[in-house]
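Worksheet: one structure, shown below.
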Amino acid sequence: MATAAIDLRSDTVTHPTDAMRRAMAQAPVGDDQFGEDPTVNLLQERVAALLGKEAALWAPSGHMANQLALRTFTQPGDEVIVGRETHAVWHETGAGAANAGVQFSEIGTDGTFTADELVAAIKPRGHVILPPSTLVEVENTHNRAGGTVWDPAELARVGAAAREHGLASYLDGARLLNAAVARGDDPAALAAPFDLVTIAMSKGLGAPAGSVLAGRADDIARMVRQRRMLGGALRQAGILAAGGIHGLDHHVPRLADDHANARIIGERLAQAPGVRIDLGRLETNIVVFHLGEGAPDAAEVVRRAGEHGVLVLAFAARTVRAVTHLDVDRAACERAADVLADATS
């Protein structure tokens, strides 16, 4: 029998654990379109409390959650200010333009930016030519920057600047719990500066689907209609929501294991000739490394690693990403590290 692949393409490839499957199978359910699924309602209450918000709404995917934020806080033709290479711009197939009619303005470096950079980028409402800036979106942790964790003090300054200048604020916190675990921060404190926050159930927490948005009760109420317009009003969704509850109950502290395993891979790659990686930024479960002169390109590294049972993604012509998660243990990551190092030579 062939050895199972070590799949580091994303933390979305996880399979529900046996205990999670049992919880899903036993979940009480109802019609969520009518607000009658008790398990969905419980998950929403749990996330609202975790993030210190008034209310929350379950969505089938993080992609849809991001679209709900855009459709709730913007009008077609508005501008959304984001960090460089943010997920909403790079990994959502142009959905922001198609679904919300917005354009994005990228600022800062390495996925983060300062409050001063935000203020400098704001375009006024009512200008005869410029599109109005109406929303600022922060991604924490930042995917393409290598799981970068935002400084909580800067998050607070960005949120305050948005309020002062009349912008809504949205925290794409798909991996916010990774950020919280990495530095020992309270998730509610990280969420506090923002009008709306989302966290994913289907990444580090290992559930098969779902993200939850949390914010003011009136904003969440408006999102219920937007969710239906996007086809996200499910029926007995409690079967999926139960996976998220189980993940919150059992898989948050173990995110530190994923971070440690990512560090193993990063430190091994840092020793490989031709590889550039910033270990100072490697705090969570995403390893992004760049291939210098003389090294093969990303597609070739992906091919070579795949031949030895390690699956990773090419993020650019000379950039590769590997993501650790609950389905790969320390031994698997040690093997993957060696395979990746060899594949870059």
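Computed from the coordinates by the stated procedures, all read-outs in this text should not be read as laboratory data. Please read all numbers here as calculations on a predicted model, not as lab measurements. Neighbour counts run over all protein chains shown; Cβ positions are idealised from the backbone, glycine included.
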The residues 339, 119, 47, sorted from fewest to most surrounding Cβ atoms within 10 Å, come out as 119, 339, 47
State to the nearest 20 debye the size of the charge dipole of the stretch 215-345 about its Cα centre, where the only charges are +1 on K and R beta carbons and -1 on D and E beta carbons.
-> 720 debye
Computed log₁₀ I(q)/I(0) - Debye formula, equal Cα scatterers, no solvent, the stretch 136-271, q 0.12, 0.19 Å⁻¹ = -0.54, -1.19
Among 16, 331, 105, whose Cα sits farthest toward the positive end of the charge dipole of the chain (+1 at Cβ of Lys/Arg, -1 at Cβ of Asp/Glu, about the Cα centre)?
-> 16
Could the peptides 199-212, 171-184 be put in order, highest first, of the mean number of other beta-carbon atoms found within 10 Å of their residues?
-> 199-212, 171-184
Label model pair residue 61, residue 221: point-to-point distance (7 angstrom along the Cα→beta-carbon line) in nm is 3.0 nm
Residue-averaged 222 nm ellipticity for the chain, from DSSP H runs of 4+ at -39500 (n - 2.57), nearest 500 = -12000 deg cm²/dmol
Spin-label point model (7 Å from Cα, Cβ direction): what's the residue 97 to residue 114 distance in nm?
-> 3.2 nm
Label of the coordinate-derived value, Rg and Dmax of the Cα atoms in Å, listed as (i) 22.6, 68; (ii) 19.7, 60; (iii) 20.1, 67 = (iii)
Rounded, prolate or oblate: pick one for the stretch 216-345, where a ≥ b ≥ c are the square roots of the eigenvalues of its C-alpha gyration tensor, a/c under 1.5 means rounded, and failing that, prolate if a/b is larger than b/c, else oblate.
-> prolate
Net lengthening on full extension, residue 316/residue 260 (0.36 nm per residue, minus Cα-Cα) | 17.7 nm
Treat every Asp and Glu Cβ in the chain as -1 and every Lys and Arg Cβ as +1, leave all other atoms uncharged, and give the resulting dipole magnitude about the Cα centre to the nearest 20 debye.
-> 440 debye
Quick one: if the Förster radius is 56 Å, what FRET efficiency do residue 345 and residue 233 give, using the C-beta to C-beta distance and rounding to 0.05?
-> 0.65
